[in-house]
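Below is one structure, written out as structure tokens; the observations come after it.
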Amino acid sequence: MTFDAEAKMQFLFALRSKGVTDTAVLEAMEKVDRALFVQGYFSDRAYEDMPLPIACGQTISQPSVVGMMTQALKLGPRDKVLEVGTGSGYQAVILSQLARRVYTVDRHRRLVQSARGIFDALNIPNITAFAADGSHGLPDQAPFDRILVTAAAEDPPGPLLAQLKIGGIMVVPVGQSDAVQRLIRVRRHETGLDYEELRPVRFVPLVEGLGKE
Ligand code: SAH
């Protein structure tokens, strides 16, 4: 299947019916062909609203979850964003359409390499991908206007909270990896942090240290 007019219409309909209503987010998701990020056997299911397996035993998130998380970040065109969990690179590309600069990290080198190949092929200049343990954030590039974690942590990681600007927003799935987790939005104010629970989600776990491949 190709991302033709009909596939796009169905894809966008599924997003809207699951609560993705932000026009800029929908436009970005209409522009970026998800099939590029899903290789092999599952590529013909790229426009269905489901998570799909990628290399290293990881998953590309469900499109409606990508849309909800992006929407929850309330991105501005000047924002510098950190994504923890590059995976396929799909979410990073969506972010790159709505923000000034995107840094994305994954603990699997192989995923970072493959995502970089896609960013280059699409001529996207404003994403930098690193192989690193993202639970420490990226101290050299900090602070960030927005931080998106696309793997589940038991608690929002302290170093990431510390790398959030005042007025900044972090979205992170919180909870045990084998259960349903809660998507949390954290805002940093002059005087502290505000936590808001958004919806239940299911993500692969945030794991410490670099992966083997
Ligand atoms: N955002 C991705 C999906 C992420 S799946 C996409 O759009 O396709 C979660 C990813 O988090 C996996 O690729 C996994 O390797 C990565 N991950 C888990 N723990 C991590 C850590 N400590 N640092 C960086 N990446 C991590």
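The values are calculated or read from the model by the stated rules, or taken from the named source; none is laboratory data. Owing to the predicted nature of the structure, the values given are computational and were not obtained by experimental measurement. Only protein heavy atoms, including side chains, enter the accessible area calculation; ligands, DNA and RNA are left aside. Shrake-Rupley method; radii C 1.70, N 1.55, O 1.52, S 1.80 Å.
Structure notes:
- For the chain, the solvent-accessible area with a 1.4 angstrom probe is 47 square angstrom per residue.
- The chain, accessible surface, carbon-and-sulfur percent (1.4 angstrom probe): 51
- Take every Cα pair under 8 Å whose residues are at least 6 apart in sequence, average their separation, divide by the length of region 5-201, and the relative contact order is 15 percent.
- Straight-distance crosslink candidates among lysines, where the alpha carbon sits under 27 Å from K74 and sequence neighbours closer than 8 are dropped: K8, K18, K31, K165
- Helix 63-73 axis versus longest C-alpha principal axis of the chain: approximately 30°, rounded to the nearest ten.
- Note on K80: aspartates and glutamates with a C-alpha under 18 Å away, same-chain residues under 8 apart excluded, are D106, D140, D145.
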